[in-house]
1. What angle do you read, to the nearest 10 degrees and between 0 and 90, between the alpha-carbon axis of helix 4-23 and the longest principal axis of the chain?
2. Using Cα atoms only, what is the angle between the long axis of helix 49-63 and the major principal axis of the chain, expressed in degrees (0 to 90) to the nearest 10?
3. Expected output is a single nm value to one decimal: the length gained when fully extending between residue 68 and residue 80, i.e. 0.36 nm times separation in residues minus the C-alpha distance. What is it?
4. With each run of n ≥ 4 DSSP H residues scored as -39500 (n - 2.57), what mean residue ellipticity at 222 nm is computed for the chain after dividing by its residue count and rounding to the nearest 500 deg cm²/dmol?
5. What list of whole percents do you get for P(r) of the chain, with Cα-Cα distances grouped in 10 Å bins up to the one holding the largest distance?
6. Given an 8 Å cut-off on Cα distances and at least 6 residues of separation, report the relative contact order of the chain as a percent.
């Protein structure tokens, strides 16, 4: 069986990060008694799912005419120890 507790924790962490990123861009005062729900379905994750989800969600909110201060973009980066990385093996 799969360990769902790890997946659930990761999903909660991603959800919180998305909320923080998008909440800062949405003009909340324009929606005083409203709630905006954003749902993301990740079909495949090669390491940049969170960044892609944040950017896509921001574009979806803008497309839905949700008042925003600006669009949110995100990226992911990896740090590699150069002494252990050989781009030309062999």
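Just so you know, all these numbers are worked out from the coordinates, no wet-lab data involved. Remember, it's a predicted structure, so these values are computed and weren't measured experimentally.
1. Helix 4-23 and the main axis of the chain meet at about 50 degrees.
2. 30
3. On the way: separation 12, 0.36 × 12 = 4.32 nm, distance 3.61 nm.
The span from residue 68 to residue 80 would gain 0.7 nm if fully extended.
4. Working: 2 runs with 35 residues, N = 90.
That calculation yields -13000 deg cm²/dmol at 222 nm.
5. 14, 38, 25, 16, 6, 2, 0
6. Values: 49 pairs, mean separation 28.7, N = 90.
Taking the mean separation of contacting Cα pairs over the length of the chain, I get 32 percent.
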